[in-house]
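First the structure, in the form of structure tokens, and then the observations on it.
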Amino acid sequence: MISIDNLKVEFGIKPLFSDVSFVVNDRDKIALVGKNGAGKSTMLKILCGLQKPTSGTVSIPNETTIGYLPQVMVLQDNTTVKEETRKAFSGNIRMKERIAQMEKEIGERTDYDSDSYMELVQKYSTEHERFLMMGGANYEAEIERTLTGLGFARSDFDRPTSEFSGGWRMRIELAKILLQSPDVLLLDEPTNHLDIESIQWLENFLSQSAKAVILVSHDRAFINHVTNRTLEISCGKVVDYKVCYNEYITLRKERREQQLRAYENQQKEIADIKDFIERFRYKPTKAIQVQSRIKQLEKIVPIEIDEIDNSAMRLKFPNCIRSGDYPIICDDVRKDYDKHTVFEMVTLTIKRGEKVAFVGKNGEGKSTLVKCIMGEIPFDGSLKIAHNVQIGYFAQNQAQLLDENLTVFETIDRVARGDIRLRINDILGAFMFGGEASEKKVKVLSGGERSRLAMIRLLLEPVNLLILDEPTNHLDMQSKDVLKEAIKAFDGTAIIVSHDRDFLDGLVDKVYEFSNARVKEHLGGIYDFLRHHEVDSIDQLFIPNQKNKEQTATDKAKNKDHDNESGISYQERKEIQKRIRKAERDVEGCEAKIEAMEKRLKELDGLLCEVEHACDMELITEYTSTKKALDEENAKWMTLSESLEKIKAML
């Protein structure tokens, strides 16, 4: 579909890349990877024709269509969400108008036997069939399905695009590109403004419906699920790995080791040649050999290896005083903006040392609850911060608080303490501020660069409660690894608001889901949470269902009426809810024991059916005692279940 031959791009003395050749085939799902500044975004711009290479050719067949989503784009403000998205079908709409015009002309004409009339009918028939084959009659349904998948509610369809934040407007542009069904999709960081549900919808779309895809992303889980081929830009070259990203990591490590061995051998060879030249330069009897060595040295093509990977570098937060046992306790917390309830009845307890995630669709209140914890906005209910809690808070606006007149190095040097001061350059390099970048003034940094700098500052401050709001949006994979390892080694408590599943995986042990103005606790990691939803309510999770919403509203109204009729006081209701939670945990614990014993009985039954174990008294005794314990546990489960139902009936 696309053929790149001997491509070269120069912005300065040293080429960004050169001698680049590869082919993009139909149905290829390609991850374009490389360190920041390697030229990934430049490559996408060249492929879509927005930028010309210094030399080389990019061959694209005339009928091939390309859809390109850049990181930053100019967005329209004068239409509604649906009207703007409908522009993706401008060709279909024009075709529909032409068909309607021909249909009108056919109805008005009476020269049925004329050649021009028959020609018109034939043209109408051809256009109409083509229109139907292109799915022209169904584009409205496609628009609604795509917008819904990317997180828009139906009530958003007729809202002006100017009412939405930049992130939501980027979703509109993404929807337009996907709906055009181009032959090649070029996506530059498409997940930066998406939540977990929308990312998973996009994963499924790209895997099942898209044709060829070239993807730049720092979301490791996303590119692993979507891509089947990896192009790495390294040392100004493109290396083609025909495997998915995880396999590429393994192959790249092996290739790098080979590069290092070859580099070391070459350096030894160069040193030996230079040593020979120096030793015999002035000996006439060795003149021919010396000249031969000089020519040999000139012909050697230096082996380049990429910069040393700093992802193995470890950062550790400075020591801080011990906080209380429960740094945060929320009891019936509620937040309203005018008539809109962001969340209500939020009751949660975060223990010292826990790493928890706040997840949910955008707009469900994750950042709002963080602001309540920080004391930045008023709220209703009780929210207690334990004694000796020192909070380190990272949000997008933290970058605005940096001193613009300092350099990057000075900004970090002022907060670094002790031995860490000796490693400032290494730390800056791990977060893409290596070399001359460390001498830049803060005022010339982009928004993403300022966010990364604010993150480094936070890593060097003595805190015992970390609150990170979307910390990975402007970090590459190497930087994310450094940050993740630092948080894992952190002795204190951490609250992480993020949609990056790979970042959260293995980092958090509890997930709080924000949905329908409520906050629900899920024990376990992020993939335990996702597996739970895939089993129980995948449609509700990924595709907002109006019927479900209406049912939720009806249930709320019923509960409200029931509260008014029951006459139960607030304190009594809270106490009953605590008893219910305890009873549910007891029942779940009992069910787990029953499941384990039933499994063991099945194993023992299989063993005792074998001839060699038929008279094994040890197995027989274990079988008898396990069977007795199972009967007792079943009786206990029955009692606990009845007790739980009685407590629930009190509400």
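The values are calculated or read from the model by the stated rules, or taken from the named source; none is laboratory data. These figures come from a predicted structure and were not determined experimentally. For neighbour counting, all protein chains shown are included, and Cβ atoms are generated from backbone atoms with ideal geometry for every residue, glycine included. With ligands, DNA and RNA removed, areas are computed over all heavy atoms of the protein, side chains included. Shrake-Rupley method; radii C 1.70, N 1.55, O 1.52, S 1.80 Å.
Pairs linking a residue in segment 356-380 that is under 12 Å from ILE328 (Cβ atoms) to a residue that is open to solvent by 60 Å² or more (accessible area, probe 1.4 Å), with Cβ atoms under 8 Å and 6 or more positions apart or on different chains, are VAL356/ASP509; CYS372/PHE379; ILE373/ILE385.
Residue under question is SER217, and the condition is that it be polar (S, T, N, Q), more than 21 Å from GLY363 (Cβ to Cβ), at pLDDT 85 or above and in contact with a His (Cβ under 8 Å, 6 or more places away or on another chain); does it hold? Before you say what the answer is, go through the steps one by one.
Working: polar (S, T, N, Q): yes; more than 21 Å from GLY363 (Cβ to Cβ): yes; at pLDDT 85 or above: yes; in contact with a His (Cβ under 8 Å, 6 or more places away or on another chain): no.
Against the criterion (polar (S, T, N, Q), more than 21 Å from GLY363 (Cβ to Cβ), at pLDDT 85 or above and in contact with a His (Cβ under 8 Å, 6 or more places away or on another chain)), SER217 does not qualify.
Per this entry, GLU304 is counted among residues that are out of contact with any Leu (no Cβ under 7 Å at 6 or more places or on another chain), within 30 Å of SER479 (Cβ to Cβ), surrounded by 11 or more Cβ atoms within 10 Å (Cβ to Cβ) and touching a residue at least 60 places away in the same chain (Cβ under 8 Å).
Reported count of residues in segment 279-301, each being under 16 Å from GLU269 (Cβ atoms) and in a loop (DSSP other than H, G, I, E, B), is 2. One residue stands out among those in segment 6-18 that are touching a residue at least 24 places away in the same chain (Cβ under 8 Å) and loosely packed, with under 13 Cβ neighbours inside 10 Å: the one that is farthest from VAL216 (Cα to Cα), which is LYS14. Only residues that are closer than 21 Å to LEU468 by Cα and among the aliphatic types (A, V, I, L, M) were counted across segment 409-444, and they come to 7. Is it the case that GLU622 is in a helix (DSSP H, G or I) and exposed (fewer than 10 other Cβ atoms within 10 Å of the Cβ)? Against the criterion (in a helix (DSSP H, G or I) and exposed (fewer than 10 other Cβ atoms within 10 Å of the Cβ)), GLU622 does not qualify. Could you run through segment 409-433 and say how many residues are among the polar types (S, T, N, Q) and at pLDDT 80 or above? Summing the residues that are among the polar types (S, T, N, Q) and at pLDDT 80 or above in segment 409-433 gives 1.
Restricting the first member to segment 583-609 and to residues that are open to solvent by 70 Å² or more (accessible area, probe 1.4 Å), and the second to residues that are part of a helix (DSSP H, G or I) and among the hydroxyl-bearing types (Ser, Thr, Tyr), the beta-carbon pairs closer than 7 Å and six or more apart or on different chains are ARG600/THR626. Given the conditions (1) more than 30 Å from the chain's Cα centre (by Cα); (2) modelled with pLDDT under 90; (3) hydroxyl-bearing (Ser, Thr, Tyr), which single one is not true for SER41? Exception for SER41: condition (1).
Among the residues of segment 141-190, the ones that are open to solvent by less than 20 Å² (accessible area, probe 1.4 Å), within 27 Å of LEU231 (Cα to Cα) and assigned to a helix (DSSP H, G or I) come to 6 in all.
Considering each of TYR263, TYR282, TYR245 in turn, give the residue that is at pLDDT below 90 and touching a helix residue (DSSP H, G or I) at 6+ places or on another chain (Cβ under 6 Å). Quick ask: steps written out before the conclusion?
On the way: TYR263 fails: touching a helix residue (DSSP H, G or I) at 6+ places or on another chain (Cβ under 6 Å); TYR282 fails: touching a helix residue (DSSP H, G or I) at 6+ places or on another chain (Cβ under 6 Å).
Matching residue, one of TYR263, TYR282, TYR245: TYR245.
Take SER209 and decide whether it is hydroxyl-bearing (Ser, Thr, Tyr) and under 20 Å from ALA88 (Cα atoms). Criteria met by SER209. None of ILE543, ILE568, ILE538, ILE526 is out of contact with any Phe, Trp or Tyr (no Cβ under 6 Å at 6 or more places or on another chain) and at pLDDT 75 or above except ILE526.
Pairs meeting the criteria (first residue in segment 451-476 and farther than 25 Å from GLY363 by Cα and of a type in the set (S, T, N, Q), second residue surrounded by fewer than 23 Cβ atoms within 10 Å (Cβ to Cβ) and at pLDDT below 85, beta carbons under 6 Å, at least 6 apart or on different chains) are ASN464/CYS320.
Between residues in segment 245-267 that are on the phi < 0 side of the Ramachandran plot and in contact (Cβ under 8 Å) with a residue 60 or more places away in the chain and residues that are open to solvent by 50 Å² or more (accessible area, probe 1.4 Å) and part of a helix (DSSP H, G or I), which pairs lie under 9 Å by C-beta distance while being six or more apart or on different chains? Note: pairs meeting the criteria are TYR245/ARG220. Among the residues of segment 224-248, those identified as part of a strand (DSSP E or B) and buried (at least 17 other Cβ atoms within 10 Å of the Cβ) are ARG229, THR230, LEU231, GLU232, ILE233, SER234, VAL238, VAL239, TYR241.
Would you check if ARG579 is in contact (Cβ under 8 Å) with a residue 12 or more places away in the chain, within 20 Å of ASP631 (Cα to Cα) and surrounded by 13 or more Cβ atoms within 10 Å (Cβ to Cβ)? Working first, answer last.
On the way: in contact (Cβ under 8 Å) with a residue 12 or more places away in the chain: yes; within 20 Å of ASP631 (Cα to Cα): no; surrounded by 13 or more Cβ atoms within 10 Å (Cβ to Cβ): yes.
Criteria not met by ARG579.
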